[in-house]
């Protein structure tokens, strides 16, 4: 009696395995793709926030390493720059030389940050960079060149909240995107109302602002971001309506005394929120678990198939023995 050839084509085995698990693989693949699409905005925002926090921490380390003389020189230069703007007005058009001089102001960190903005009401803390180039606005907040640097008026009395020089004026303008899939940025800026506050920290100086005016204007309308004698303003600018972006939302704040009556505040070390780290730990774990689930399921099916084949082989052998 001719013996049966029990050897199987390895290629056939692979094809057979793939055919058996095609539906499972398709479901798992669709699940992973669906989760990736659904979680992309959240994970991108977490990733962006993580790097923003790291950049701010690096900035704080650089500031802490400055000697007192250098620190005072940087502050004095920025205030001198602002005095020039106070005397001659905002420079909407700048020469290349003026742009180069502007870039040098408050450039004390390896990160290129000039400071950072905090808005507690909408849980926002973002680094501020020179200019409003798209590469800046994709991840952070940009300071509009030609407007006052974010160091406030030199004559501001941090205890009383008043300017001692009534002829001095200041108007900082910061711009940010909203509605980006990769980062929240100024997405929730429209939740601010008059009376809310925000803070700007530059070096070890913290400047407090209280919202006193909210306007929606056309992009070319600059009438609300001009200097006003005796006023120390900061305006936050973003696009509106959400997703359409035909107008600009302007949230203006006037400078007020800090809650502790002192503008010079050594900022505490910034802790990276555990929520920023969680997705980077959780996603690999879930992926590994899915892979393990597929392998375990495949092995169980394979063992079951082997057992069925063994039972079938024994039955065939018994049948052959009986025939003999």
Applying a 10 Å radius around every beta-carbon, put 76-85, 61-70 in order of their mean neighbour count, most first. 76-85, 61-70
Residue order, fewest to most beta carbons within 10 Å, for 193, 28: 193, 28
Alpha carbon centre of the range 120-175 versus the range 201-228: separation in Å? 8
Consider a paramagnetic label point 7 Å from the Cα of residue 67 along Cα→Cβ; state which residues of the range 91-123 have an amide N under 18 Å from it. 108-109
Most packed first (mean Cβ within 10 Å per residue), the peptides 199-205, 101-107, 240-246 order as 199-205, 101-107, 240-246
Quotient of Cα Rg and 2.2 N^0.38 Å for the range 92-155, N being how many residues it contains: 1.18
Taking the simple approach of a point 7 Å from Cα along Cα-to-Cβ for both residue 212 and residue 191, what is their distance in nm? 2.6
Quick one: work out Rg over Rh on the C-alpha atoms of the range 67-128, Rh as Kirkwood radius. 1.04
Show me 148-157, 210-219, 86-95, 250-259 ranked by packing, highest mean number of other Cβ atoms within 10 Å first. 148-157, 250-259, 210-219, 86-95
What is the P(r) of the range 40-272, as percent of Cα-Cα pairs per 10 Å bin from 0? 8, 34, 40, 17, 2, 0
Residue 103 versus residue 229, label points 7 Å from Cα toward the beta carbon: distance in nm? 3.7
Hey, with R₀ at 35 Å, roughly what FRET efficiency would residue 93 and residue 32 work out to, going by the Cβ-Cβ distance, to 0.05? 0.10
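We did not get these values from a lab; they are worked out from the coordinates using the rules stated. The shown structure was predicted, so the numbers you read here are calculated from the model rather than taken from an experiment. Quick reminder, even Gly has a Cβ in these numbers, built from the backbone with ideal geometry, and neighbours come from all protein chains shown.
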